[in-house]
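To start, the structure itself, in structure tokens.
The values are calculated or read from the model by the stated rules, or taken from the named source; none is laboratory data. Because the structure is predicted, anything quoted here is derived from the model rather than measured. Please note: Cβ atoms are built from the backbone with ideal geometry, for glycine as well, and neighbour counts cover all protein chains shown.
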Amino acid sequence: MAAPESGDGNNGAARMVTLISSDNTRFEVEAAAASLSQTLQLTILDGGGGGGDGIPLPNVDSATLSKVLEYCIKHAPAAANGGAPNATAVDRAELERFDNEFVNIDQSVLYSLIMAAHNLEIEGLQSLVAKKVADMIKGKSPMEIRRTLGFPDPTPEEQAEMNAHMLEYGWAYE
Amino acid sequence: MAADPEETRHHHKETQVSDLPESCLAYAIARTTPRDACRCAAVSPVFRAAADSDHVWRRFIPDDHHHRSVLLLHPSSSDRAAAKARTKDAYLGLCDGGGVPVDGGGCRVWLEKATGAKCYALAARRSAFPGTTASSAGSGPRTQAPACVSYGGWLCRFGEVAELVDCTCLDIYGRLSAATLTSATCYAAYLVYGTAEGHRGLSYPDQETTVAVGGRVLERHCVCLRPDDAETRKFKGAGLAQEGGVAAREEPRRREDGWWEMEMGRLRTTDTPGEEEEVVASFEVFGWYPKRGLMVEGIEFRPPCSARHGLRRGRNDMAFKTTMTARYAISSRKALNTYSSSAVRCPSTCGGTSCPGSALDDRMITIESQIIDAWESMRAGLPKRARKGLDSAFLLTGWHIWKARNSKVFNNCTMTAAAIMENIRQKPMWSAAGAKALGCLVPRE
């Protein structure tokens, strides 16, 4: 998959494009995989990213980009079938297993992924990471959410605000 | 390139939750529940902006409610407050105020605040059966005894309340298409009721509620709308109840609006929306002693108030598994004078074998037509007085079977068929119960 510093991308049947991370690492991937990103899709359709040019992504570092591309490569075949009614249950189960595994990561990596998915507008990845964060939030009090998501300890003012909120929205705390 | 200090710095900079922009947070919060979203507003200023955003609350409003939320957002163009109203306020508007009428004012619908689940109230219907005469509170005099009050759904919640003036049998039900409920949600059905002054016959726990989906009974509860020890003792004194009869398992609860409510049972909707099956919640009082004074406001379907007590649940299940047997339904289609319509349901204590709870409904046998036909053909050739006696005999026989069933269900005391027959033959007791015309039927001893 990700092949840093790789040369031209037009060998074989599949068209390749080169993406350049914020730290100047070059990634060569199939155009179909990169096109899961709405942001990249237009550039790629216009013929960009091929050859030695590469598409610079100043907001995404190499560690995050390699993770993003891992997702795109896995999901590209299913997306190419357009939601695939002919996709077998086994395929779907395999993708589901991959997704669960995929978001089982450190919080800082997760947050980087959220930003990258958002910047690159990769719909599937956006909802996958959003769902992960939602699961971390569900059923918790504001204080527990702060702890779970790695906020620093609240200041007395913030604590007072939380208490006031609890009084105002009693129904949400039952 | 690997030595590039620029790169090293990028690699070690960890993204914090505080780095996430509002739009990303809103995207995640929209995948929680309204309750969680509301709590998120207290987490931090960025979280508050995200959690209060229209993106989040639009997702919590069901598709079929969107047109109404638009009305809530813009009640009138000149309203300055409305111009600033957010989707969150519209959502909260859909939750409050007892719901709005839908389907031509037939039923009221609202959203449960914490989950966003659609809730329904089916109101009392005036007359679903031919000959049924429930009176409407506040409109005209009370009319003649309703035999069965039924709720076919789709009637206004507050315009009409069914009051049971006098009846012997009672069977109330509310129906709803499962497709109208929010998917993958736990629901409970509630009977919303009150009692008029001088009510009677509602205190003894021989009452049952069921919830069924697509004809399959999911839950069956013993209930008692008006638990009252004194009246229960009276029943016992009159021989209508066995000593030590069990208390109802479900307790009524006083609502904020003054009505009482009784949980009828629960169901869980499937994950696939648009299911076509029908949900039926029913309430039934066994036995044909007189009942009066029940006022029914309607039947509600909504997520349950609280998690159910595990112990109570277990006992409930067991009682039915071990004691319920096949059920027979006997009802008089042509009403008698005294008993305008009586449905005596009695499980076959006489000779029936216990079957496991799961097979309960498969064994429900309706012998209505044969019994009634036999009854009617027998009545046809009799003089008036003998006819009265025959009617009494029929009903009292049914009563004895019902009483035996009660002792089996509530006291776990099984009677043999022979013992029940013996009871039925005890004429003096029958006469004491007011069956005057029996004498001309039963051979004199």
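Which pairs turn up if I take residues in the range A:118-135 that are crowded, with 19+ Cβ neighbours inside 10 Å and look for partners that are polar (S, T, N, Q) and in a helix (DSSP H, G or I) with beta carbon separation below 8 Å, at least 6 apart in sequence or on another chain?
Pairs found: A:118/A:126; A:118/B:23; A:120/A:38; A:120/A:39; A:122/A:38.
Of the residues A:134, A:164, A:160, which single one is in a helix (DSSP H, G or I), hydrophobic (A, V, I, L, M, F, W, C) and within 7 Å of chain B (Cβ to nearest Cβ)?
A:134
Is it the case that residue A:154 is farther than 30 Å from residue A:60 by Cβ, surrounded by 15 or more Cβ atoms within 10 Å (Cβ to Cβ) and either touching a residue at least 60 places away in the same chain (Cβ under 8 Å) or more than 7 Å from every other protein chain (Cβ to nearest Cβ) (or both)?
Criteria met by residue A:154.
Hey, could you check the range B:12-52 for residues that are farther than 27 Å from residue B:183 by Cβ and among the charged types (D, E, K, R) and say which is farthest from the other protein chains (Cβ to nearest Cβ)?
B:22
Take the residues of the range B:384-408 that are aliphatic (A, V, I, L, M) and closer than 20 Å to residue B:284 by Cβ: which is surrounded by the fewest Cβ atoms within 10 Å (Cβ to Cβ)?
Per the criteria, the residue is B:395.
Yes/no per residue for (1) in a helix (DSSP H, G or I); (2) within 14 Å of chain B (Cβ to nearest Cβ); (3) surrounded by fewer than 16 Cβ atoms within 10 Å (Cβ to Cβ):
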| position | (1), (2), (3) |
| --- | --- |
| A:49 | no, no, no |
| A:60 | no, yes, no |
| A:69 | yes, no, no |
| A:77 | yes, no, yes |
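Out of (1) surrounded by fewer than 24 Cβ atoms within 10 Å (Cβ to Cβ); (2) within 9 Å of chain A (Cβ to nearest Cβ); (3) in a helix (DSSP H, G or I), what's the single condition that is false for residue B:55?
(2)
Residue check: is residue B:96 under 30 Å from residue B:295 (Cα atoms) and at pLDDT below 80?
yes
Being surrounded by 14 or more Cβ atoms within 10 Å (Cβ to Cβ) and under 22 Å from residue A:127 (Cβ atoms) narrows it down to one residue among A:17, A:29; which is it?
After ruling out the rest, the residue left standing is A:29.
Every residue, every condition in (1) surrounded by 19 or more Cβ atoms within 10 Å (Cβ to Cβ); (2) of a type in the set (Lys, Arg); (3) modelled with pLDDT under 80, yes or no:
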| site | (1), (2), (3) |
| --- | --- |
| B:178 | yes, no, no |
| B:182 | no, no, no |
| B:192 | yes, no, no |
| B:203 | yes, no, yes |
| B:210 | yes, no, no |
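Yes or no: the range A:100-108 includes at least one residue that is surrounded by 19 or more Cβ atoms within 10 Å (Cβ to Cβ), part of a helix (DSSP H, G or I), out of contact with any strand residue (DSSP E or B) (no Cβ under 6 Å at 6 or more places or on another chain) and within 12 Å of chain B (Cβ to nearest Cβ).
Among the residues of the range A:100-108, not one is surrounded by 19 or more Cβ atoms within 10 Å (Cβ to Cβ), part of a helix (DSSP H, G or I), out of contact with any strand residue (DSSP E or B) (no Cβ under 6 Å at 6 or more places or on another chain) and within 12 Å of chain B (Cβ to nearest Cβ), which makes the answer no.
With the requirement that a residue be assigned to a loop (DSSP other than H, G, I, E, B) and either touching a residue at least 60 places away in the same chain (Cβ under 8 Å) or more than 7 Å from chain B (Cβ to nearest Cβ) (or both), what does the range A:140-151 give you?
A:140
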